Amino acid sequence: MDRPAQENPLLFPFPGRPMALPHRQGRGMLWAILIAILFAWRPAQGAPAIFEPYLTDTPPRILEVLEKKTEEGVEITRLKFLNRELPTGEQVIIYGILARPAAPGRYPGVLVCHGGGGYADASAPAVKAWAKRGYVSFCQDQPGICNMRQASSSGPWSAKKWGLFTVEPDPTCNVLFDGVVAALNGLALLRSQPDVDRSRIGVTGGSWGGYMTTMVSGLAGDRVRAAFSIYGCGFYDEGSHWSHTIGGLPEETRKRWVEHLDAGRQAKGIRAHYFIAAAANDWFFWPHIVMRTLNEIPAPKNLVFAPNDSHCITVPGGTGGPPAFDRQGHRTYMEILWMDYHLKGAGEPFPVCQPVGAPLRKGDAIEVRFRVAGPKPVRDASVWVAPAEMPWRLKWWRKVEVQPAGDGLYTALLPVEETEYALNWFGLATDERHISISTPMQEVQPAALGFKPEERRDVHFAEDFEGPEAAKRWRRQYWPEEKYKSGRALVCAEAARGGKRGLKITQQFALRGDGIRGVALRASGTRGLAFWVRSPGGTGFDVQLMGEMPDGKRIYWQSSQPDPGKEWKRIEIPWSEFKLVGEAAAPFEPLSPGLGQIRFVTPENAEIHIDDLEAVR
């Protein structure tokens, strides 16, 4: 069931420009094909030895069938299997759900990998949804990323105090090891079903399930034909929510964990057609490790970056549509089309989005180009740009309009403000099927194109909360502390001082505003922040500056403000009044590349109205 290529067969090193590899022809191509065939079976070529016993199609031993029923044309089986037995005789027993079309036939298979805090029963709607679409589907509890209080699996993890980063005395003493083995056993169980076509197997999952999709696809090699990861990837040590933790491990522990349990190190084994739907501001998985993972994959691959999203994909075809789809059964609309195309031969290829040529200086801007190639017309195309020096989670991506140049080519002019600092950009396109794809993440240096320091553009930072972007730029922090979960923030008319809208914060809350560029505030000679405020709730509040270290550790500076009263009052806070919180010494100054957020933090019973925020000189 070979299909036309639809993915980026080659993704380029990041940062930098596209690099083309020479085409092999004649005898060179024949040798390349022979080598690919010989080494497609991964266990003999680099898979960590601890996983080798689980890289066959021998299914795990079924210990118990708990339930078997048919509903809505789908046969559902709940079961437990033996994941492995420890040298001590202790058993790891995994619970899973298997679903298949009730009608006899031969079907493709989809392995569903739940995300962090999930478990097989919580993924039952997904397993059933795939079966209703004509797939045999299976999901298993995955220790290490599983909610074990809700899951039906059992093992010695809690008694032995195995943790997510434990590798002593060896990596099999890590609870995540049993999670990976559970997914590998789930794959073998799925492939062993008599009504499953082994040549048509897919794997999908989101968040930690995206990690598992990448890990399993890398270890399984050509036993997986299609993989669709949402958010999750590899290279956790190089740029993720866990980088600070991994970086703090003893050197030998870190090396062993990365070698055995990081999905990025197994990505070279992926033979499946691989897609990743990534959030450009994701809390957990940052764009450069998405690119690192993709660049390791030798198989065809494709991607989309969703700008200003964290752990959601709000572009068409993503987690919320359009179009409408079964959101209980599927994380994204595009995963359905991806599997249908690769495993059923249904539909047409996804489009491909690639940068074209080198960036060029055009006056006070930089011209970039990208091309979209696909079977359907493009409905929308754009470029998104953000300062490269800022932490990934704190960037604010600005949309740049594109000009079509024919034959799927689009051009855009990136505005240059700080000429001594690089820019990140990517092209984004959506076709008429609501399939969204993007270029790989790009980086361009204005100085390399002839921009001089004296050509920097002085841009005044101001926020009046009137524009359509304000409600998304000023929002709840992604991972709020428990005490902030009862509060709320709203851009609304009630909080407007002079225009149509202002910012209203109620109860105990921490509100963030992204994309605050420290180097621009410093270069512009600003001396502080000013804004108008009133407090109908009669409380004070805190104003914070927040930055991040490269490993994700957050640094806060704070200025506490008393109750401003119930009438509008203008407050001005010099930078010098922001005091470091919780650290003996700051690793960097506030007005530096590490800065990214302004935060307003309110106490219980608060109602604060804020408008016309700006940097003052």
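Values in this text are rule-based calculations from the coordinates and carry no lab data. What you see is a predicted model, and the numbers here were worked out from it, not measured in a lab. Every residue, glycine as well, gets a Cβ built from its backbone with ideal geometry; the counts of neighbours run over all protein chains shown.
Can you tell me how much longer the chain between residue 484 and residue 245 gets when fully stretched, taken as 0.36 nm per residue apart minus their C-alpha distance, in nm with one decimal? Spell out each step's value before the answer.
Numbers: separation 239, 0.36 × 239 = 86.04 nm, distance 2.43 nm.
That works out to 83.6 nm of additional length.
Taking a ≥ b ≥ c as the square roots of the Cα gyration tensor eigenvalues, with a/c under 1.5 meaning rounded and otherwise prolate when a/b beats b/c, else oblate, which class fits the range 485-546? Prolate is the answer for the range 485-546, as a/c is 1.5 or above and a/b outweighs b/c. Cα axis of helix 251-261 to longest principal axis of the chain: angle in degrees, 0 to 90, nearest 10? Helix 251-261 sits at roughly 60 degrees to that axis. In terms of distances greater than 25 angstrom between alpha carbons, the cross-link table entries 452/553; 68/132; 132/301; 268/376; 500/569 yield 452/553; 132/301; 268/376. In the chain, the longest principal axis of the Cα atoms and the axis of helix 26-39 are about 80 degrees apart.
Per-peptide packing, taken as the mean over residues of other Cβ atoms within 10 Å, places 492-505, 198-211, 597-610, 352-365 in the sequence 198-211, 597-610, 492-505, 352-365 from highest down. Of the peptides 262-270, 455-463, the order by per-residue mean of other Cβ atoms within 10 Å, starting with the highest, comes out as 262-270, 455-463. Between the listed residues 498, 91, 350, the Cα displaced farthest toward the positive end of the dipole of the chain, a dipole computed from Cβ unit charges relative to the Cα centre, is found at 350. Charges were assigned to the Cβ only: +1 to each Lys and Arg, -1 to each Asp and Glu. The resulting dipole of the range 44-86 about its Cα centre is roughly 140 debye.
Taking the Cβ of residue 178 as the center, what net charge do the other residues with Cβ under 12 Å away carry, scoring Lys and Arg +1 and Asp and Glu -1? Intermediate results must be reported in sequence, preceding the final value.
Values: positive: 84, 160; negative: 85, 90, 141.
It works out to a net charge of -1.
Put simply, the C-alpha atoms of the range 40-133 give a gyration tensor, and the ellipsoid matching it has half-axes of 27, 18, 13 Å, longest first. Cβ-to-Cβ counts within 10 Å put 260, 434 in ascending order as 434, 260, the fewest first.
Dipole magnitude of the chain about its Cα centre, charges +1 at Lys/Arg Cβ and -1 at Asp/Glu Cβ only, in debye to the nearest 20? Show your work: numbers first, answer last.
On the way: 73 positive and 69 negative charges, 198 e Å.
That gives a dipole near 960 debye.
Sorted into 5 angstrom bins from 0, the C-alpha pair distances of the range 510-617 split as 2, 12, 22, 25, 18, 12, 7, 2, 0 percent.
Annotation: the range 347-396 has a Kirkwood hydrodynamic radius of 13.7 angstrom, from the mean reciprocal C-alpha pair distance. Say the dipole of the range 357-447 comes from +1 at the beta carbon of Lys and Arg and -1 at that of Asp and Glu; which of 410, 440, 374 then lies farthest toward its positive end? Working it through, the farthest residue towards the positive pole turns out to be 374. Extension gain for the segment residue 356 to residue 88, taken as residue separation times 0.36 nm less the Cα-Cα distance, is 90.6 nm to one decimal.
Dipole magnitude for the range 353-455: about 420 debye, using +1 per Lys or Arg Cβ and -1 per Asp or Glu Cβ, origin at the Cα centre.
Determine the sum of side-chain charges near residue 126: Lys and Arg each +1, Asp and Glu each -1, restricted to other residues whose C-beta is under 15 angstrom from that of residue 126. Before the final figure, lay out the partial values.
Details: positive: 78, 100, 128, 132, 133, 327, 331; negative: 72, 121, 141, 326, 335.
Overall, the nearby charge balance is +2.
Taking the Cβ of each residue in 282, 195 as the centre, tally the other Cβ atoms inside 10 Å and list the residues starting with the fewest. Write out the running numbers ahead of the final one.
Details: 282 27, 195 14.
The fewest-first ordering by Cβ neighbours comes to 195, 282.
All C-alpha pair distances within the range 241-313, sorted into 5 Å bins from zero, spread as 3, 15, 21, 21, 19, 14, 6, 1 percent across the bins. Computed over neighbours whose Cβ is under 13 Å from that of residue 147, the net charge equals -1, Lys and Arg +1, Asp and Glu -1.
Counted by neighbouring Cβ atoms within 10 Å, the residues 242, 396 run from fewest to most as 242, 396. Angle check, please: helix 175-191 long axis (alpha carbons) against the longest principal axis of the chain (alpha carbons), in degrees 0 to 90, nearest 10. Relative to the chain, helix 175-191 is tipped by roughly 50 degrees.
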